[in-house]
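Undergrad: The structure follows.
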Amino acid sequence: MGCFVSRPQSASDNTKRIRKPKPWRHTEAITKAQLTQMREEFWDTAPHYGGRREIWDALHAAAEGELDMAQTIIESAGIIVQNPDLTVCYDERGAKYELPNYVLSEPTNMVRDNSDS
């Protein structure tokens with residue numbers, strides 16, 4: 001007889017339920033336009049620092065989606081979530097993917113600019 005701990009691991013065992021990041025503050029107040037620029041720069045350069053492009057693309061889609069859709073994307077891409085807020089993830093080959101808070105949510109000290117309507 002086996003016990004419940006000895007059962008084989010399925011792909012879904014590697015995926016934690018994801019959640020929104022905790023509220024956070026940027027080092028200085030930024031506008032929505034500045035946040036958008038920071039995000040674009042991150043996603044444009046992240047694949048150049050390692051990992052697989054398709055995993056970066058999946059993380060990008062998950063970061064911009066609703067939680068249910070993000071969970072589906074993460075599971076279907078085989079991404080292993082270390083932190084449920086997606087700040088640290090791994091692919092099935094063991095490559096590490098670190099996402100900064102600013103690509104996952106807005107800071108609490110964001111200021112309104114003229115482009116925010």
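Nothing in this text is a laboratory measurement; each read-out follows from the coordinates by a stated rule. The structure presented is a predicted model; accordingly, all values stated were derived computationally and were not measured. Heads up, the Cβs are rebuilt from the backbone with ideal geometry, glycines too, and the neighbour counts pull from every protein chain shown.
Undergrad: Please tell me the relative contact order of the range 27-104 in percent, rounded to the nearest whole number, where contacts are Cα pairs under 8 Å and at least six residues apart.
TA: It comes to 24 percent, rounded to a whole number.
Undergrad: Tell me, S105, S76 in order of fewest to most beta-carbon neighbours within 10 Å?
TA: Fewest to most other Cβ atoms nearby, the residues stand as S76, S105.
Undergrad: What shape does the range 27-104 take by its C-alpha gyration tensor, where a ≥ b ≥ c are the square roots of the eigenvalues and a/c under 1.5 counts as rounded, a/b above b/c as prolate, and the rest as oblate?
TA: Note, shape of the range 27-104 comes out prolate.
Undergrad: Test of understanding: ordering Y102, Y97 by Cβ neighbours within 10 Å, fewest first, what list do you get?
TA: Fewest-to-most ranking of Y102, Y97: Y102, Y97.
Undergrad: Rg and Dmax in Å for the range 69-117, alpha carbons only: what are they?
TA: Final numbers for Rg and Dmax: 14.5, 45 Å.
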